[in-house]
Amino acid sequence: MEFLNLVIIFIAACLVLRKPHKERLAFGLLVVSVLLMVFLFSIATRTGLLPGVNY
Amino acid sequence: MRRDVLYTILALAVIALAVIPVGVAVFVLGFVYGDSPCVMCWEQRIGMALVALVGLFVLRYGPKPKYLGMAVLVAIWGVFMGIRHTGMHAARDVGQGFSAEILGAHTYTWALFIYWVSVATMGVLLLMTKKEDIEDQPRTLRPLEWLAGVVFLVVIAGNIIQAFASTGPPPFMGQSDPVRFSFNPTHWVWSLEEWSPAPISLRGRWSIDKPDVAAVSSEPGAGPLADLPILSVKTQSKLTLPLAGTPTDLAYDPATSQFLVTTQQGIYLADETLGKVNRHTVIDVGFAVDLGQFGGAAFLDKGAVMAVGENKSYVVLEPNDKADANANFRYFLESFDKFNEVSRSRFGTVRGRMMYTMSAAYDPATKSVYTVTVPNNKVKRLVISRFGRDLTLSEEFLPTIAAESGLKLTGKRTLDEFYVTGTAIADGRMYAISAAYNTLLTIDLHARAVVAAHAIPGLVRPTGIALKGEDLYIVGESGALWVVARPPN
């Protein structure tokens, strides 16, 4: 899944650099990538979502 | 001019973010040294790439609020990821950690720092940004800004290669314990372990219930030890002492002929009949070491008394008829001139970690304080901890059953089920009263073994025990007081 996310980031950066008129698409990919990162981190830490220290 | 400076700073920041953490991680640590990120490191690395990507958006489209907002959100999430990841290892011993160390700190620690710097940098850039900086049309990139974009793409391309080798295509994802990076496909491990079912929890193993004496079964026959002999209650009465709160433990000092009674926050020295309070105070448990609520009480040498919180924090007091009431205002809530506070600190345990305690006892022979753990919803172990003269952990063990005791566990039951709420020590023996199954355990501290156990029917939520002469005084949560004879062995 990290592979997929990095590919999305790569495409978004290419759009920004080479096809700047596709701003909305690039931003959409950015949002998808951010959400995917949050989702994957949450999956990886679902047994203890908060930092495992004393509160 | 000012706007050019801003974009130059931003371009340099994008290059720095792409090259130093993300680029070095893949090309140097990954491809040269074979380091592979764990699943959390991957997400932190991707988060840094995303912050840099937003930087490219700003270079191209100007500082639109949605980009700046996205950058702040990603960086704040990054700070959270850094705390979450660092928290797993923050309490380990010096030098210990997970995976590689860079400049004296492990990689996940640097992630926390880098995100923090990112947020700070964005704050500075925002302060310098003016309304007229917002662009309507995409900007024409200058050479340095193009360089930032190309560097970013090269770094991301490298990460795509590493991610494919280390984590695989979807649905495979990163692993908790990654395998060393290799360009050789026969060494690649693609895993679905993170997708396997697991309970969802906010605090995970730290989600531990506070001890509750009311939550355990008091029926001796339901306990893990079969056919226990019965210890009969000689007398039963009720404490009439004016206590603030309910009794949480009891101790007796033959040298001063006094009982020590603790409540949730109170410390009471009473006469040997438990009929009159000689002196007392109520501890201010906040504003310093958090003492929680007291679960254990013990007399130390020379009349000093100790109250131990359920969280294994403690306070040591010294009776003093001329105590400075004004100086003690910060320590006590009542009766300011009867004690001096000697120390307030915490016991550190190893096997007893992640468990609360409801007892404390002092052994004059070894000049040590003992605590016993109570099981909880996550950890179920009966751990006896000894703290020597310096009140530092000196011994810790899980008692066994002495062969000569004749005691037998039923089925697959264990001693860990006992819920020790009070202890007293004499002649190398610990007398531990368990609120679970109303059982008195006699533990040989030298042999580290239970040498006898007795059922005491009729107890209701016992919370403390003291040895006076040949009698054991057991106090209950309601203030009930039971006296039983000290077992012969």
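The values are calculated or read from the model by the stated rules, or taken from the named source; none is laboratory data. Source: prediction; values computed, not measured. Note: ideal-geometry Cβ built from the backbone for every residue, glycine included; neighbour counts use all protein chains shown.
Do we have any residue at all in segment B:367-376 that's over 30 Å from A:Val53 (Cα atoms) and either at pLDDT 95 or above or not aromatic (Phe, Trp, Tyr) (or both)?
Scanning segment B:367-376, I find at least one residue that is over 30 Å from A:Val53 (Cα atoms) and either at pLDDT 95 or above or not aromatic (Phe, Trp, Tyr) (or both), so the answer is yes.
Quick check on this structure: which one of A:Phe39, A:Phe3, A:Phe10 is in contact with a Pro (Cβ under 9 Å, 6 or more places away or on another chain) and either of a type in the set (S, T, N, Q) or free of Cβ contacts under 8 Å to residues at least 40 places away in the same chain (or both)?
The conditions single out A:Phe3.
Given the options B:Glu341, B:Glu310, name the one that is acidic (Asp, Glu), under 27 Å from the mean Cα position of the chain (by Cα) and closer than 21 Å to B:Phe418 by Cα.
B:Glu310
To keep it simple, each residue is scored yes or no on (1) β-branched (Val, Ile, Thr); (2) closer than 25 Å to B:Phe299 by Cα; (3) touching a strand residue (DSSP E or B) at 6+ places or on another chain (Cβ under 9 Å); (4) exposed (fewer than 15 other Cβ atoms within 10 Å of the Cβ).
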residue: B:Lys412; (1), (2), (3), (4): no, no, no, yes
residue: B:Asp427; (1), (2), (3), (4): no, yes, no, yes
residue: B:Ala435; (1), (2), (3), (4): no, yes, yes, no
residue: B:Thr439; (1), (2), (3), (4): yes, yes, yes, no
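Return yes when B:Gly158 is in the same structural domain as B:Ala75 (by TED's automatic domain parsing), under 19 Å from B:Val26 (Cβ atoms) and in a loop (DSSP other than H, G, I, E, B) and no when it is not.
Spelling it out, it is not the case that B:Gly158 is in the same structural domain as B:Ala75 (by TED's automatic domain parsing), under 19 Å from B:Val26 (Cβ atoms) and in a loop (DSSP other than H, G, I, E, B).
The rows are residues; the columns are (1) away from chain A (no Cβ under 11 Å); (2) part of a helix (DSSP H, G or I).
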residue	(1), (2)
B:Trp42	no, yes
B:Arg60	no, yes
B:Ile83	no, yes
B:Phe113	yes, yes
B:Thr121	yes, yes
B:Leu126	yes, yes
B:Thr140	no, no
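Just give me the residues in segment A:22-47 being of a type outside the set (A, V, I, L, M, F, W, C), surrounded by fewer than 20 Cβ atoms within 10 Å (Cβ to Cβ) and within 7 Å of chain B (Cβ to nearest Cβ), in sequence order.
A:Glu23, A:Arg46, A:Thr47
Quick check on segment B:196-210. Is at least one of its residues within 27 Å of the chain's Cα centre (by Cα), more than 7 Å from chain A (Cβ to nearest Cβ) and of a type in the set (Lys, Arg)?
yes
Filter segment B:448-468 for residues that are small (Gly, Ala, Ser) and farther than 25 Å from B:Pro242 by Cα and give the result.
Correct list: B:Ala449, B:Ala452, B:Ala453, B:Ala455.
What strands (runs of 3 or more DSSP E) lie completely within segment B:183-295 and have 1 or more residues being farther than 25 Å from B:His454 by Cα and assigned by TED's automatic domain parsing to the domain that holds B:Ser478?
Where strands (runs of 3 or more DSSP E) fall fully within segment B:183-295 and carry at least 1 residues being farther than 25 Å from B:His454 by Cα and assigned by TED's automatic domain parsing to the domain that holds B:Ser478, they are B:258-262, B:266-271, B:277-283.
Just one of (1) crowded, with 18+ Cβ neighbours inside 10 Å; (2) outside any helix (DSSP H, G or I); (3) of a type in the set (S, T, N, Q) trips up B:Ser176, so point out which.
If we test B:Ser176 against (1) crowded, with 18+ Cβ neighbours inside 10 Å; (2) outside any helix (DSSP H, G or I); (3) of a type in the set (S, T, N, Q), just (1) comes out false.
Does any residue of segment B:98-109 turn out to be over 23 Å from B:Gln175 (Cα atoms) and either of a type in the set (Lys, Arg) or out of contact with any Pro (no Cβ under 7 Å at 6 or more places or on another chain) (or both)?
Yes, segment B:98-109 contains at least one residue that is over 23 Å from B:Gln175 (Cα atoms) and either of a type in the set (Lys, Arg) or out of contact with any Pro (no Cβ under 7 Å at 6 or more places or on another chain) (or both).
Could you look through segment B:152-173, keep only residues that are in contact (Cβ under 8 Å) with a residue 40 or more places away in the chain and of a type in the set (Gly, Ala, Ser), and pick out the one that is surrounded by the fewest Cβ atoms within 10 Å (Cβ to Cβ)?
Step by step, filter segment B:152-173, then rank; the result is B:Gly158.
Considering only residues that are surrounded by fewer than 18 Cβ atoms within 10 Å (Cβ to Cβ) and in a loop (DSSP other than H, G, I, E, B), look in segment B:383-400 and name the one that is farthest from the chain's Cα centre (by Cα).
The extreme case among them is B:Arg389.
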